[in-house]
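> Could you have a look at this structure, given as structure tokens, before my questions?
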Amino acid sequence: MYGNGYISPEETAKQKPDPLAGEDLQQLALFEERIARGEKIEPQDWMPKEYRRQLIRMIEQHAHSEVIGALPEGTWITRAPSMKRKLALIAKVQDEIGHAHLLYNAAETLGKSREAMINDLLSGKSKYSNVFNYPATTWADVTVIGFLIDGAAIVNQVINAKGSYGPYCRALERICYEESFHLKQGHDALVHLAVGTKEQRAMLQDALNRWYRPIIHFFGPSDKASVHGTLLMKWKVKMASNDDMRNQFLDQYVPKIRELGLDFPDPKLNKNAEGVWEFSDPNWDEFFATINGNGPCNAERLAVRRWAEEHGRWVRKALINPSQKQVLPLS
Amino acid sequence: MTPALYNFILKTADDCFILGHRNSEWTGFGPFMEEDIAFASMAQDKIGHAWLLYKMLDENAAAAETLAFKRAEKDFKCCHFVEQPIGEYDFSLMRHFLFDHADQLRYEMLMNSSFEPLAHFAKKFKGELKYHTMHADTFILQLGNGNEESKARMQSALNFCLPLALGIFEVYEGEQEIISQNIFAGEKVLQEKWLEKILPIIKDAGLQMPDMATLQAVNGGRHGFHSDYLQPLLKEMREVVDAFPDAIEW
Ligand SMILES: [Fe+2]
Ligand SMILES: [Fe+2]
Ligand SMILES: [Fe+2]
């Protein structure tokens, strides 16, 4: 799913005093001209070290988010309440794993292996989208995730698909195409609860209440410093500020929830005269605590992934035999 | 529809439905991403087939939901093999191999069924099933011939699965009628074709076939007597539906 705001490059300035130290300035000028002209950078092309580093970090985090993102919804596959919902949910979660697969491949073109990335995920070194550290406690959560979290992911991914790195853009284009189906099935399932019995509707409102804050957190804290003219914007690694993306999301989705006679638990959530959405302080301390491993489900999510890695090890070991070519059907 | 035909379609559908449910449990937990995706897509096919077969029993859309979500455990006609928990990948792969070869052959035989909707159905999904057995064969061959551990695991999975797999072919109520009306040539015929098909693959995988004469089929499912695993599976599947008795739609 889920490139989110936190899955974004780090601000170079915070990280290194001179990210361009040692670069060939002539090559750099050519590289920047190409990007300015709207050309895509391909794996074999020259690129600054900092560009490579930031892209690996971003694509890898995005891939991890797809893998981990499959878990909260995945636990509902066996409990989906109708044949149609069951089939749609399996297909959706399957797609998310497919997205991870595409993204790991895209990141590998920059020189980090899938295995190394997965090891960094399991050791807690690499991050993934914060929203997946919250539990999906009822069926209504599945519909809120399908509609709103996938909706937020689409906002982010459509914007990032216009970036400069060719393999990432192409993966994102395909992902966005599939995401539009996720959004449709999420919306359909959510509307069925909204127009259902009193109890179904109450379950949905409860889920909206619980997911409101993680959704506001989704795009990450304000990054005012980076809005214009930073290196990463110039290189088209970062395509929009976190606030702009969040605002676009709220503008598209808040009315859709209110249309259904439902709402988010924030009296301050409103669009001001300048067309900018305002909301209450979402407690960014909680966001940072979760990102740093202390959210409600961090440990559980990684434990599940580790279980799968450990129990599948014998299979992977037995298949490492280059003389036998594998036939791996992808749907 | 005669009771015999109803029973025949129902047990076929129940096998697909319950195995689809089991296979869907692998989504996100496979030994590598490609296998997550493969098991998820097989699960969709199986559940999709079951849904179509349930609808064959009653065109009313709500009836299929009732069959899946409201029916009593004793009214299910699936075999014990599909009810077993997914266990480790070795068991799930072996079940997929043994079951899907029987399934594919069943549909091949049904292509000539005198009951037109089944013949039509069988032709339509022929390709899909071929794809599943191809997937199973690939991995059985590779893991059987892999390393010591994978070979040992696949051999014990085979030994464990075979008696359960024989339960696929259990005689059911009305079978004679189904055979004499040329709806389906019968479970005995299917079992023979199945053995012919799987034996060479098992051999190529470097695995030993246990002595069939000593194996006791795990039967009962076709008559509504199930393993201890079916009831909890159904309970989990119906958790949401049961908690909202007044809800009409989801
Ligand atoms: Fe998605
Ligand atoms: Fe996705
Ligand atoms: Fe699929």
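> Per residue, how large is the accessible surface of chain A? Use a 1.4 angstrom probe and give square angstrom.
41 Å²
> Which of A:I216, A:I145, A:I35 moves the most in a Gaussian network model of chain A with Cα springs under 10 Å?
It is A:I35.
> Now for a separate question. Distance from a point 7 Å along Cα→Cβ of B:M109 to each backbone N in segment B:211-230: keep the residues under 18 Å and list them by number.
Of the residues in segment B:211-230, B:217-223 have backbone N under 18 Å from the label point off B:M109.
> If r is the Cβ-Cβ distance from A:D18 to A:F288 and R0 is 30 Å, what FRET efficiency results, to the nearest 0.05? Display every interim value, and only then the final one.
Numbers: r = 27 Å, r/R0 = 0.90.
Approximately 0.65, to the nearest 0.05.
> Mind listing P(r) for segment B:50-94? All alpha-carbon pairs, 10 Å bins, whole percents.
23, 39, 28, 9
> Measuring from label point to label point, each 7 Å out along Cα→Cβ, what is the B:I248 to B:E34 span in nm?
About 4.9 nm, to one decimal.
> Another question, if that's okay. Which part of segment A:112-156 falls in the paramagnetic zone of A:S222, meaning amide N under 20 Å from the point 7 Å along Cα-to-beta-carbon?
It comes to no residues whatsoever.
> Per residue and in Å³, how big is the convex hull formed by the alpha-carbon atoms of the protein assembly as shown?
Per residue, the Cα convex hull of the protein assembly as shown comes to 161 Å³.
> Which of A:S65, A:S241, A:S180 ends up with the largest GNM mean-square fluctuation for chain A, with Cα atoms connected below 10 Å?
Among A:S65, A:S241, A:S180, the largest GNM mean-square fluctuation belongs to A:S180.
> Using a 10 Å cut-off on Cβ to Cβ distances, tally the other chain neighbours for every residue of B:20-30 and report the average as a whole number.
Going residue by residue through B:20-30 and averaging, the value is 6.
> For segment A:27-157, what relative contact order do you get, as a whole percent, if you take Cα pairs closer than 8 Å and at least 6 residues apart? Don't skip to the answer; put the middle values down first.
Working: 89 pairs, mean separation 38.7, N = 131.
In percent, rounded to a whole number, it is 30.
> To continue, here is another question. Restrict the search to segment A:103-152; then list the trypsin sites (Lys or Arg not before Pro) that DSSP places in a loop and that have at most 16 other Cβ atoms within 10 Å of their Cβ.
In loop regions of segment A:103-152 (DSSP not H, G, I, E or B), the sparsely surrounded trypsin sites (Lys or Arg not before Pro) are A:K125.
> While we're here: Report the full-extension gain for the segment A:E278 to A:K184: residue separation times 0.36 nm, less the Cα-Cα distance, to one decimal in nm.
31.1 nm
> Which percent of the accessible area of chain B is formed by carbon and sulfur heavy atoms (probe 1.4 angstrom)?
On the way: 5460 of 9910 Å².
With neighbouring chains kept in place, the figure for chain B is 55 percent.
> Per residue, how much accessible surface does segment B:3-243 expose to a 1.4 Å probe? Answer in Å², no decimals.
That works out to 38 Å² for each residue.
> Additional query: Expressed in nm to one decimal, what extension gain is obtained for the pair A:N105 and A:D263 from 0.36 nm per residue of sequence separation less their Cα-Cα distance?
52.9 nm
> Run the 1.4 Å probe and let me know the accessible area of A:F288, rounded to the nearest 10 Å².
Rounded to the nearest 10, that gives 90 Å².
> Can I ask one more? Extension gain A:E115-A:V191, at 0.36 nm per residue separation less the Cα-Cα distance, in nm? Spell out each step's value before the answer.
Working: separation 76, 0.36 × 76 = 27.36 nm, distance 4.04 nm.
Length gained, A:E115 through A:V191: 23.3 nm.
> Okay, next question. Under the classification rounded if a/c is under 1.5, otherwise prolate if a/b is larger than b/c and oblate if not, where does segment B:161-250 fall, given a ≥ b ≥ c as square roots of the Cα gyration tensor eigenvalues? Walk me through the numbers before you get to the answer.
Numbers: a/c = 2.56, a/b = 1.65, b/c = 1.55.
Taking the square roots of the gyration eigenvalues as a ≥ b ≥ c, segment B:161-250 is prolate.
> A further question follows. Set the Förster distance to 30 Å, then compute FRET efficiency between B:Q176 and B:D204 from the Cβ-Cβ distance, nearest 0.05.
The computed FRET efficiency comes out at 0.20.
> Another question, then. Return the Cα extents of segment B:69-124 along principal axes one, two and three, sorted largest first, each rounded to a whole Å.
38, 30, 15 Å, listed from the longest principal axis down.
> I would also like to ask the following. Sketch the reach of a paramagnetic label on A:K198 as a point 7 Å from Cα along Cα-to-Cβ, and name the residues of segment B:232-250 whose backbone nitrogen lies under 12 Å away.
none
> Let me ask something else. What average count of beta carbons from other chains do you get within 10 Å of the Cβ of residues in A:309-316? Let's see the in-between values first.
On the way: counts 2, 0, 5, 8, 2, 11, 15, 3.
What the average comes to for A:309-316 is 6.
> Assuming a ≥ b ≥ c are the square roots of the Cα gyration tensor eigenvalues, decide whether segment A:24-319 counts as rounded (a/c under 1.5), prolate (otherwise, with a/b larger than b/c) or oblate. Present the calculation step by step, with values, prior to reporting the outcome.
Details: a/c = 1.88, a/b = 1.27, b/c = 1.48.
Note, shape of segment A:24-319 comes out oblate.
> R0 = 56 Å: FRET efficiency of A:R52 with B:A185, Cβ-based, nearest 0.05?
0.35
> Considering only protein heavy atoms, what is the solvent-accessible area of A:E310 at a probe of 1.4 Å, reported in Å² to the nearest 10?
Around 110 Å² of this residue is reachable by solvent.
> I would also like to ask the following. With 25 Å as the limit, write out which pairs from B:K11/B:K123; B:K124/B:K235; A:K92/B:K123; A:K40/A:K127; A:K256/B:K46; A:K236/A:K256 have Cα-Cα distances beyond it, or answer none.
B:K124/B:K235; A:K92/B:K123; A:K40/A:K127; A:K256/B:K46; A:K236/A:K256
> Which order do you get for A:D223, B:D242 if you rank them by accessible area with a 1.4 Å probe, largest at the top?
Reading off the accessible areas and sorting them downward yields B:D242, A:D223.
> Sticking to Cα atoms, compute the Rg of segment B:1-144 to one decimal and its Dmax as the biggest Cα-Cα distance, whole number, in Å.
Looking at segment B:1-144, its Cα Rg and Dmax stand at 15.2, 46 Å.
> If you don't mind, there's one more thing I want to ask. What total accessible area, in Å², is buried where chains A and B meet, using a 1.4 Å probe and rounding to the nearest 100?
About 4800 Å² of accessible surface is lost on pairing.
> Other chains' Cβ within 10 Å of A:89-99 residues: what's the mean?
On the way: counts 2, 12, 5, 2, 6, 11, 2, 3, 9, 6, 0.
Neighbouring Cβ atoms belonging to other protein chains average 5 per residue here.
> At most 10 other Cβ atoms within 10 Å and a DSSP loop assignment: could you name the GluC sites (Glu not before Pro) in segment A:265-300 that fit?
A:E274
> Taking only the alpha-carbon positions of chain B and ignoring solvent, what does the Debye formula give for the base-10 log of I(q)/I(0) at q = 0.11, 0.16, 0.17 Å⁻¹?
So the normalised log intensities work out to -0.58, -1.25, -1.41.
The values are calculated or read from the model by the stated rules, or taken from the named source; none is laboratory data. Please read these numbers as outputs of a predicted model, since none were measured by experiment. Cβ sites come from the backbone with ideal geometry, for glycine too, and all protein chains shown count toward neighbours. Just so you know, the surface numbers come from the protein's heavy atoms only, side chains and all, with ligands and any DNA or RNA stripped out. Shrake-Rupley method; radii C 1.70, N 1.55, O 1.52, S 1.80 Å.
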